[in-house]
Number of protein chains: 2
Amino acid sequence: MQPDREGRVALVGAGPGAADLITLRALRALEAANVVLYDALVTADVLMLIPACARRIEVGKRGHRASTGQDFINRLMARFAKAGARVVRLKGGDPSLFGRAAEERAFLEAQGVRVDVIPGVTAASAAAAQFGFSLTKRDTARRVLFATGRTARGAAMDWAAAADAEATLCLYMGCGDFDDIARALIARGRAPDTPALAAIDVERPSAALIKTTLARLSGLLAERGSDGPVFIAVGEACQDARDADADKRDRPPAPAHRSQQI
Amino acid sequence: MQPDREGRVALVGAGPGAADLITLRALRALEAANVVLYDALVTADVLMLIPACARRIEVGKRGHRASTGQDFINRLMARFAKAGARVVRLKGGDPSLFGRAAEERAFLEAQGVRVDVIPGVTAASAAAAQFGFSLTKRDTARRVLFATGRTARGAAMDWAAAADAEATLCLYMGCGDFDDIARALIARGRAPDTPALAAIDVERPSAALIKTTLARLSGLLAERGSDGPVFIAVGEACQDARDADADKRDRPPAPAHRSQQI
C-alpha cells in the first residue's frame, strides 16, 4: 500500500483459463497490482502471473454454492483503493459479459474510485477455437445469442429470441436449468435434433467436449456431472465441433464420458 | 520457408486494435510466423508485432469496397502451408465471431493442412470496456445478441429475436443498413428512445463515441461518417456509456462531432 498514491481498481478479464489467453494489458495490470481479488473460476495457471508481493484474495462466486457477497466485494475493493492500492478484480472471461462490471463500476465510481476495465476473451470464443467450430457460419449461423443458463425456471429467457433457428445460442454460467431450457426451445419450434454441445473446462487440462443434439444434451450432462465451468451452445454451427486434441492433453486416470461424440 | 518442415495455419484474433489487447498466445504465434496474411482492419500497432523476417500480405476485405476474394485467400494460405511455412491469418477481433473461421478451416483441412484457432477479444467486449458500459446488466440487459449490420435490406435478421427488450443488440461489420434496422426494430416494438450507441475506431487513437437513442443514431452516424470500424449497440445497457478518456487521446486537429452525448 502507498497511501500517498491514488489508488484505483481495474476490472480485468482473465480469459477462459489458459495463462497465455490473457491479454498483454491484463498481464501488465496484474504485474502492477498490490491486491488481486479473484473469482473461483480463475485458474491456478492465471494466478501464477500475480507477483509474489501482491496480496491475493479469493472472492469466489459459484452457481448454487456458498459465496462471497457482492456488497462485501465492492466494499473491499473501495477500501483498498482508497488506501492507495492498485487493485485488480480478476474475473474469468470478459468482465462485460455476465461479469457484473456495471454494478462494480457504479459502486466504485460513486465512492470516488477510478475504475478501468480490461476486456478478455470470452468463453464462447475460446470454446469455439478449442473445439473446432465457429460461432457464426455463413447462411446457417448468422447471429449469436448470449444468455445465462440459470433462468429460474425459464422466467428470464425470451423464448422468441432463443428459438431463432439461424442463431447460435450460447449459455453461460451453469447448466442446472438446461433440461427446462431444452424443452422450452423444442416447444417453441427448435428441432430436437439441432446440433448442441457442452464445452467443459475450456482451456484447462481437463477440457472435454460433449457433442450431441438439443434433445439429448441435458441427459448426457446430468450423467457426466462437472465441477468446473460448462459452456453450452445450440445451433447448426455446433455441427463442426470435435475434440481434436483430446489425446494430447494431460488428464486424470479415468476419463469416463470424455469427449462423447454421440 | 522450410519445405522439410510441416507447415500449418493459425487463424489468429488480433483483438480490437490496440497492440496490448492481443493475447500472449497470439503474440507467440506472430513471433513464430513465416507469413502473415492480415485483414484491412488490423491496425499498424498490431502489425508492428510481426517479425521483420516474416512476409506480410494484406488481404483486406471491407464492406462495400474492392477486396481480396475468399477463394484467393484460402488458396494462398494452403500454398504457403504446404511449402512448410507457419502461416498466421490475422483477423480483427475474434475469428469465430463473423470471422469466417469455419470456411477457412474447412478449406484448409480438406487440403490436409493443420489449422489452429487462437481466440481474440471481440469488438463488443472492447467497446464496452473503453466506453464505460457493460454488455449485460442485472435485470435490464440479461442477454446479448450479436448480429451483422449488413442485412441486405433486413432479409437476414430475425426481428423477433432483435426486438427482445431485455437484450443488448450488438451489430458488427458496417452500419450502412442501420437506418433500415432501426425502423424495423421500432416497428416491432422496441422503444424509439431505447439507448443506443456507435463506438467508432475502438481502441485506436481516433476512438469516439456517439451516444444517443435508437431513433436518432442512424442520422448522427450519417452526419459524422467514418472510414474505420463502427460497432453499434442498442439496449438499456448503453445508458451507462461515456467517453471518459476522450481528452487524453491523440486526435486530429478538427474533431468535429467527437463523442456526441445527445
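The table below gives the values:
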{"item": "Sum of side-chain charges, B:Ala161 neighbourhood, beta-carbon under 13 Å (Lys, Arg +1; Asp, Glu -1)", "result": "+1"}
{"item": "In Hz, Karplus ³J(HN,Hα) per residue of region B:119-131 (6.51, -1.76, 1.60; θ = phi - 60°; x = Gly, Pro)", "result": "x, x, 6, 7, 4, 4, 4, 5, 5, 4, 4, 6, 10"}
{"item": "Karplus (6.51, -1.76, 1.60) ³J(HN,Hα), θ = phi - 60°, over region B:185-195, in Hz, Gly and Pro reported as x", "result": "5, 5, 4, 8, x, 6, 4, x, 8, 4, x"}
{"item": "Two-site label geometry, B:Thr68 and B:Cys53: point separation in nm, points 7 Å out along Cα→Cβ", "result": "2.3"}
{"item": "Scattering profile of region B:203-252 at q = 0.21, 0.26, 0.31 Å⁻¹ [log10 I(q)/I(0), Debye over alpha-carbon scatterers]", "result": "-0.88, -1.22, -1.34"}
{"item": "DSSP bridge pairs, the protein assembly as shown: antiparallel proportion in percent, nearest 5", "result": "40"}
{"item": "Mean residue ellipticity (222 nm) of chain A, computed from DSSP H runs ≥ 4 via -39,500 (n - 2.57), nearest 500", "result": "-7000 deg cm²/dmol"}
{"item": "Considering only chain A, percent of DSSP beta bridges that pair antiparallel, nearest 5", "result": "35"}
{"item": "Rounded tilt (10° steps) of A:70-82 against the dominant C-alpha axis of chain A", "result": "30"}
{"item": "Scaled radius of gyration (Cα, divided by 2.2 N^0.38 Å) that the protein assembly as shown gives", "result": "0.92"}
{"item": "Total accessible surface hidden between A and B, rounded to 100 Å², 1.4 Å probe", "result": "4400"}
{"item": "Sequence-distant residues sharing a close amide H with B:Lys137 (under 5 Å, placed H)", "result": "B:Arg142"}
{"item": "Average accessible surface area per residue within the protein assembly as shown, 1.4 Å rolling probe, Å²", "result": "40"}
{"item": "Residue-count net charge about B:Lys82 - beta-carbon cut-off 12 Å; Lys, Arg +1, Asp, Glu -1", "result": "+4"}
{"item": "For region A:1-122, diffusion coefficient by Stokes-Einstein and Kirkwood Rh (Cα), 10 °C, 1.306 mPa s, µm²/s", "result": "113"}
{"item": "Between 0 and 90°, nearest 10: helix A:101-110 axis offset from chain A longest Cα axis", "result": "20"}
{"item": "Förster radius 30 Å - calculated FRET efficiency between B:Asp139 and B:Glu103, Cβ distance, rounded to 0.05", "result": "0.20"}
{"item": "Sorted largest first, extent of region A:100-210 alpha carbons per principal axis (Å)", "result": "52, 34, 29"}
{"item": "Chain B - Rg over Rh from alpha carbon coordinates, Kirkwood radius", "result": "1.00"}
{"item": "With every protein chain in place, region A:1-126: carbon and sulfur % of accessible area (1.4 Å)", "result": "50"}
{"item": "Charge tally in the Cβ shell below 13 Å around A:Ala215, where Lys, Arg are +1 and Asp, Glu are -1, A:Ala215 excluded", "result": "+1"}
{"item": "Residue-level accessible surface for A:Cys175, protein heavy atoms, 1.4 Å, Å²", "result": "40"}
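The values are calculated or read from the model by the stated rules, or taken from the named source; none is laboratory data. Just so we're clear, the structure is a prediction, and the values are computed from it rather than from any experiment. In this analysis, Cβ positions are derived from the backbone assuming ideal geometry, glycine residues included, and neighbour counts consider all displayed protein chains. Protein only, heavy atoms only, side chains kept; ligands, DNA and RNA dropped before computing areas. Shrake-Rupley method; radii C 1.70, N 1.55, O 1.52, S 1.80 Å.
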